[in-house]
Every structure is written in structure tokens, then in C-alpha cells.
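Notes to accompany the following structure.
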Amino acid sequence: MSKAQKLATDVLILGAGPTGLYGAYYAGFRGLSTIVVDVLPQVGGQVMALYPEKQIRDVAGLPSIRGRDFIAALKEQADAFSPTYLLGRQAVTVEHSSDAAVVTLDDGTRIEAGAVVITAGIGTPKPRPLQAGSQWLDRGLSYFVVDPEVHRDQDVVIVGGGDSALDWADALSTLATSVTLVHRRSGFRGHAATLARVESSPNTTVLTECEVTAFDGDLANGQLQKVTVTHTSGEERLVAADHVIAALGFISDIGPLRTWGLQLAGRSIQVDRSMRTNVPRVYAAGDVADFDGKVRLMSVGFGEVATAVNHVAVELDPDLNLFPGHSTDES
Amino acid sequence: MAYVIGPDCTDILDRSCIDVCPVDCIYVGERKSYINGNECIDCGACEVECPVEAIVVDRVAKKNPKFSPYLTDQESFFHDILPGRDAPLGDPNGATALGPVGVDTPLVAALPSNQ
Ligand SMILES: Cc1cc2nc3c(=O)[nH]c(=O)nc-3n(C[C@H](O)[C@H](O)[C@H](O)COP(=O)(O)OP(=O)(O)OC[C@H]3O[C@@H](n4cnc5c(N)ncnc54)[C@H](O)[C@@H]3O)c2cc1C
Ligand code: SF4
Ligand code: SF4
């Protein structure tokens, strides 16, 4: 917490997906200072996370554009006004002072904002939990390999069938005493070449159509000893394990925003026609915003976030017009 | 819009689709899985994972007589009261937390064995 920054801005844009990037441009265009926060290390939301190479064909004025090129163009447009990007950090809580909403990020940074525009899309991806070992989380169970060295000379069990599971099994095979890769299905989703390397590694065992069903060890001291692996036939076996790494994919949810007092419908935030939420100084736009008749498309999100930012501009300075003027006026 | 799981999932239920769904909106009944159309973000990740090609997008399902009944059946799984329960599932917002529902719609329960 000692390094934690304290920042102030007119607008805080929460989420750097397409909606948030366009919102950052728009806030700059309205003369507002802008901070953009995203939990992911890169901008571009779902487009960069799920389909960077696909062609997008339904954005006005762009007959066909590759996902990553579209995001680069949105960023370039926003950067004309030099917003501050705080990436790799999640917005966690909001408090209210008399003239600002104060948002705290997971690294302790506090941002005092005249208004917050939530463009959180489908939310933050979190690792899918391994139910059987939930009490062992951060003791003998983890969802990532942060530092492979930690697993030197350990018996490691890796659960999953995608690229992460295979990559980690591959990377740890030369460090760990043993690696057991456990996957629920017979086939792997990850790269065939990595799988071939994993299968031929002398200290690696691959168990398919199997699940980790129980953890056993000294929980109080965080000393995992073994896990039970159950085959779809019901046959069980015990596998030595100092550590289990579960790579079961990610589930996105708006997570911490659930505690902000917002009116929610499932994963979405209810807004009025000005894109205001029920919480003072907090607006929402794009996939995360919900109202009667909502259509979840980028072209709709762009309109919503422009609406939100224009209302923010007036809320912050009642002397301003709601209508921004035309962008062509400046040239 | 949403993706739809057709009858070929019945008794196969290998859950590959569930592993890849980024919003955890594929729910397990007893013999078959069902996608919650309000929660699905139409990403298509599940479609390519299914080993028996049981999943299609609703636009395709509407025009295909094999799939079209499962469009309404999938809605009924969430919006009607399932046998043995006293309220509809609604939009549970996460299949992992809910766990297997353990019961199917009457249409699916009546299907012949698919093994
Ligand atoms: C495969 C696929 C194809 C698609 N094709 C099209 C198409 O052709 N045309 C179209 O219009 N739409 C398409 N869409 C939908 C489109 O991608 C979404 O509508 C769009 O990404 C929504 O943008 P957004 O900025 O509102 O949200 P998102 O793109 O979801 O971005 C939200 C961002 O907020 C961040 N965030 C969330 N919570 C927090 C927090 N608490 N703290 C910090 N950061 C946070 C997330 O990390 C994310 O980066 C497609 C979607 C998919 C999955
Ligand atoms: S299309 Fe995507 S969001 Fe919808 S059920 Fe399939 S994986 Fe889940
Ligand atoms: S992958 Fe196919 S068969 Fe398996 S649960 Fe999903 S829809 Fe059913």
C-alpha cells in the first residue's frame, strides 16, 4: 500500500474495451481529464481477449476491419487527448465524498473522479475454481504458475486440457520431481506439439478421462501430500502431490462491482436514458449497461458512451451544453 | 440471441462446452446441458468444442427442424418450473456455483437413450 498513488480526474472510465476507448476519446473531446482503468494488461476488452484476428463488418464507415486493427484505431483516436491508462489493475470499491466518487483499485491506487463511466463489458475474467480443493487455495492449490522455480523438486499435479495446462506441464517437466497432468476428457484442446513433448517427458504422467476428486495432507500447515484421481469408470488412484495447479479456463463476472450498490440484472447494470445508474456520479455504457430494448453491439455501445460522457460534462459544469458541438468545427 | 444445444447432447454430456464458456452459462440437467439465452454472449466458443456437434447458433436452429424444438425447450428449462422443483431456475448467473440441476425438461426426459 505504501506505493499507492492518489489521483484526481474529471472522468474515470472503468474498462478499456471498445466502449471505454471511445468514451476516453469523447471525454477528451469534451475537454475533460480522463483516466482509463482495465484489469487486463492490454486495451480492447472482448475484441482483444476473444477475437483479435476476426474481421468486424458492422461498424459504421468501416466495411471490414480486423479486430486488433480496430482497437488500435480506437486507441489512436482516444490518444489525441492523452488519457491516462492504468492497465493490469482492477477497480474494486467506490466511496462518495461531497464532490467526487473515490474509486480504489486492487493495488491501492485511489482515484477521485467527478464522474465514473462503467464500461466493464462482461466483467473481469477469474479462474474457474477446482471445487474439490477449494480450501487448499494458495496453500497447495493455485490457478497460475507465477514462478516455475517454486515447483522445483516438487510432485506437481496439473489439471486441465487447454494450452495453459499443457504449457505449464511442459515448463515444469524439467524442474519438478514429477508432473501428473489430469484431464477430464480423452482429447486435449491445447497444441498437439506441446502435448507430444509432455507425453514423451520421462517424469510426466498423463491421466485422461480423470478428475481430481479429493485433496489430502496437513491443511493447517499447507502441506499437501496426495490427491485422489478418479477415472470416469469410478476407479480411483492416489497421486503424490506437493502442489496442484488447476488451469480450467476463466469465467467472467462483474465481481467487485456487485458491492457498489448498483441496480443489477444478472451481470448488467440498469441505466436510464442518460446512461445514469442509481448511484450518484456513476454512469454505465456498452455491454454492461442494461435498459429495456438493449442490443449488445459495439455500434450501440459507442452511442451509449457518447451519451453518458455528454451528460457527465454537464453534471460537472452546468454551464456547458449537453450537445457538444460538431467535431468538424475545429478544423 | 444465443446458442442452442440440440438433442445429440443427451446422454453424452461430456461438458467440453462448459469448460470453455467464458460466462459460465451452460447448465447441466440430468441427461443434457442447456444454455441460458439471457446470459450467453454469443461468442461461439462452445460450438467448436462439442464432440457430437450438438450446439448451433439460434439463427441456424430456427431453420433446422432437428434443432428448432430445442430453442423453446432451452427457454423452458429456465423459465418454467422443472419437475420436482417449486420455482423456475431463472437466470442463475453461473453454472459452477449452481451445480448440476439434476432434472431435465419433459421433452428431454422422454428422449430414447442415446448411448
Ligand atoms: C466472438 C465475438 C464476436 C463478436 N463480434 C461482434 C461484431 O462483429 N460486431 C459487434 O458490434 N460486436 C461483436 N461482438 C460483441 C462485442 O465484442 C462487444 O459488444 C464489445 O466488446 C463490448 O464492448 P465493451 O467495451 O462494452 O465491453 P468489453 O469488450 O467486455 O470490455 C470491458 C473491459 O472492462 C474491463 N473490466 C471489467 N471490470 C473491470 C474492473 N472491475 N476493473 C477494471 N477493468 C474491468 C474488462 O477487463 C474489459 O477489458 C462480438 C463478441 C464476441 C465474443
Ligand atoms: S456462445 Fe459463448 S457464451 Fe454462449 S454458451 Fe457458448 S460459450 Fe457460452
Ligand atoms: S460439449 Fe456437446 S455433448 Fe458435451 S455437454 Fe456440451 S453440448 Fe453436450
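The values are calculated or read from the model by the stated rules, or taken from the named source; none is laboratory data. Keep in mind that this is a model prediction, so the values were computed, not measured. When we count neighbours, we look across all protein chains shown, and the Cβ atoms used for this are built from the backbone with ideal geometry, even at glycine. For accessibility, only protein heavy atoms count, side chains too; no ligands or nucleic acids. Shrake-Rupley method; radii C 1.70, N 1.55, O 1.52, S 1.80 Å.
A few remarks follow.
- The C-beta contact set for the range B:44-56 (first residue more than 14 Å from chain A (Cβ to nearest Cβ) and open to solvent by 70 Å² or more (accessible area, probe 1.4 Å), second residue near ligand 3 (Cβ under 6 Å from one of its atoms) and modelled with pLDDT of 90 or more, distance under 7 angstrom, 6+ apart or interchain) is empty.
- For beta carbons closer than 9 Å, sequence separation of 6+ or different chains, a first residue in the range B:81-102 that is under 14 Å from B:CYS21 (Cβ atoms) and a second that is open to solvent by 60 Å² or more (accessible area, probe 1.4 Å), the qualifying pairs are B:PRO92/B:LEU98; B:THR96/A:GLN131.
- Boolean, A:PRO127 is within 14 Å of another protein chain (Cβ to nearest Cβ) and surrounded by fewer than 19 Cβ atoms within 10 Å (Cβ to Cβ): yes
- Some residue of the range A:221-230 being without any contact (Cβ under 8 Å) to a residue 12 or more places away in the chain and over 19 Å from A:ASP170 (Cα atoms): yes
- Residue that is nearest to A:ALA73 (Cα to Cα), among those in the range A:31-42 that are open to solvent by 30 Å² or more (accessible area, probe 1.4 Å) and out of contact with any Asp or Glu (no Cβ under 9 Å at 6 or more places or on another chain): A:GLN42
- Output for the range A:173-213, where each listed residue is assigned to a loop (DSSP other than H, G, I, E, B) and either more than 13 Å from chain B (Cβ to nearest Cβ) or at pLDDT 95 or above (or both): A:SER173, A:THR174, A:LEU175, A:ALA176, A:THR177, A:HIS191, A:SER201, A:PRO202, A:ASN203
- Of all residues in the range B:28-69, those satisfying the criterion of being out of contact with any strand residue (DSSP E or B) (no Cβ under 8 Å at 6 or more places or on another chain) and more than 14 Å from ligand 2 (Cβ to nearest atom) are B:GLY29, B:GLU30, B:ARG31, B:PRO51, B:VAL52, B:LYS62, B:LYS63, B:PRO65, B:LYS66, B:SER68, B:PRO69.
- Counted residues, the range A:124-172 - those being touching a Phe, Trp or Tyr at 6+ places or on another chain (Cβ under 6 Å) and either among the hydrophobic types (A, V, I, L, M, F, W, C) or assigned to a strand (DSSP E or B) (or both): 5
- A:GLY140 being within 14 Å of chain B (Cβ to nearest Cβ) and open to solvent by less than 40 Å² (accessible area, probe 1.4 Å): no
Residue by residue, here is whether (1) open to solvent by 40 Å² or more (accessible area, probe 1.4 Å); (2) polar (S, T, N, Q); (3) within 14 Å of chain B (Cβ to nearest Cβ); (4) more than 29 Å from the chain's Cα centre (by Cα) holds:
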| position | (1), (2), (3), (4) |
| --- | --- |
| A:PHE250 | yes, no, yes, no |
| A:ARG258 | yes, no, yes, no |
| A:VAL271 | no, no, no, no |
| A:SER274 | no, yes, no, no |
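- For the range B:1-97, the strands (runs of 3 or more DSSP E) that sit wholly inside it and include 2 or more residues that are within 16 Å of ligand 1 (Cβ to nearest atom) are B:55-57.
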